[in-house]
1. Heads up, I need the accessible area for R234: 1.4 angstrom probe, whole protein in place, Å², nearest 10.
2. Projecting each Cα onto the charge dipole of the chain (Lys/Arg +1, Asp/Glu -1 at the beta carbon, about the Cα centre), which of V113, L298, A176 comes out farthest on the positive side?
3. What does the accessible area of K151 come to, in Å² to the nearest 10, when a probe of 1.4 Å is used?
4. Give the carbon-plus-sulfur fraction of the accessible surface of the range 152-195 in %, rounded to a whole number; probe 1.4 Å, heavy atoms of protein chains only.
5. Test of understanding: in a Gaussian network model of the chain with alpha carbons linked when under 10 Å, which of A100, A199, A284 would top the mean-square fluctuation ranking?
6. Which order do you get for W260, W323 if you rank them by accessible area with a 1.4 Å probe, largest at the top?
7. In the Gaussian network model of the chain, springs joining C-alpha atoms below 10 Å, which of Q64, Q264, Q72 carries the largest mean-square fluctuation?
8. Would you mind giving the average projected area, over all directions, of the Cα convex hull of the range 253-326 in nm² with one decimal?
Amino acid sequence: MLVHRPRRLRRTAAIRNLIRETNLSRHDFVLPLFVSEKIERAKAIPSMPGVHQYSGKEIAAIAQRAHESGVQAVLLFGIPKSKDEQASGAYAKDGVVQNAVQQMKERTPDLTVITDVCLCEYTSHGHCGVTRLDGEHFHVLNDESVALIAKTAVSHAAAGADMVAPSDMMDGRIGAVRAALDQAGFDQTGIMSYAAKFASVFYGPFRDAAESPPQFGDRRSYQMDPANADEALREVELDLAEGADIVLVKPALPYLDILWRVRQRFGRPTAVYHVSGEFAMVKAAAEKGLVDERAAVLEIMTSLKRAGADFIVSYWALDLMEWLKS
Ligand code: PBG
């Protein structure tokens with residue numbers, strides 16, 4: 001009798017394509033965009049090669065071009081002209097994001113615009129909520145911050161945002177945002193919650209891009225400890241119960257286990273944010289000739305989808321539209 005030894009299938013390119021479990025498509029990516037009230041012309045962000053801040057005058061055209069090259073959705077961040085303790089620029093009717101959204105939706109109605117909802121770009125101290133200083137110590141005031149975050153979300157929806165993305169990690173914010181949106185008549189506006197957002201060193205370059213580094217202290221009192229996975233699942237569960245439509249895990253590669261568990265456990269739309277520091281690392285290595293950028297990016301994105309991401313927020317979204325054409 002002939003005994004067959006287990007063996008791997010020998011693969012031609014066609015067989016590889018036929019049996020591939022994870023496929024990347026041009027529909028899998030959301031492009032982050034930065035709009036600044038402080039500039040007249042596009043400004044490069046030194047820590048993020050190829051990424052720019054755009055002026056209010058340029059942003060709608062940039063978004064349109066992105067849409068024409070295949071990007072279906074953008075995630076918008078704003079940099080206001082001035083900041084204050086109450087983050088009043090975040091919820092101003094004619095604030096930087098509100099104006100930009102209006103113009104983007106007018107020019108490109110089919111582009112889905114998701115707005116990042118946070119106070120850190122708008123507070124003079126750079127924290128994601130309002131704070132109180134008691135001598136040496138500062139406290140982020142949760143409930144006061146949540147009220148302003150909900151107000152910000154409503155102002156984005158009023159400007160035409162398709163979806164809002166609270167990224168602050170205050171307690172109870174998703175329920176508050178949902179209630180405020182519904183009450184203002186925006187029951188069709190979705191919520192993508194940064195549900196498992198870790199206090200990460202990999203946000204460094206973003207804080208240059210958004211001009212939002214904390215002026216004192218750090219964000220560890222409200223962002224998650226990288227050592228905790230069960231706690232991340234509890235955060236996600238709460239956000240879903242409070243009304244999140246999509247939950248987001250962030251950063252990406254160091255947290256593949258979280259992504260996997262969130263997708264397996266809840267089976268709800270799950271996104272991942274491949275963040276600025278992760279982007280900068282690959283860029284730096286590629287610039288030195290140490291890795292091939294395109295191959296590295298395709299492998300990373302495939303891994304994120306394999307681990308359970310329905311879609312990926314990535315600074316490479318535009319490049320990926322080209323790379324995934326064929
Ligand atoms: C705002 C916010 C941050 C990022 C997205 N929204 C930074 C932070 O929490 O410090 C990071 C995105 C990136 O690094 O690409 N709270």
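1. Taking all protein chains as shown, R234 has close to 140 Å².
2. L298
3. 110
4. Numbers: 610 of 1290 Å².
Summing carbon and sulfur atoms, their accessible area is 48 percent of the total for the range 152-195.
5. Checking each option, the largest mean-square fluctuation is seen for A284.
6. Working: W260 125, W323 45 Å².
Result of the area sort, largest leading: W260, W323.
7. Maximum fluctuation in the GNM of the chain, among the listed residues, is at Q264.
8. On the way: hull surface 20.4 nm².
Average of the hull's projected areas for the range 253-326 equals 5.1 nm².
The values are calculated or read from the model by the stated rules, or taken from the named source; none is laboratory data. As the structure is a computational prediction, the values presented were derived from the model and not from experiment. Here the Cβ is made from the backbone with ideal geometry for all residues, glycine too, and neighbour counts use every protein chain on show. To get the accessible areas, we keep the full protein, side chains included, count just its heavy atoms, and leave off ligands, DNA and RNA. Shrake-Rupley method; radii C 1.70, N 1.55, O 1.52, S 1.80 Å.
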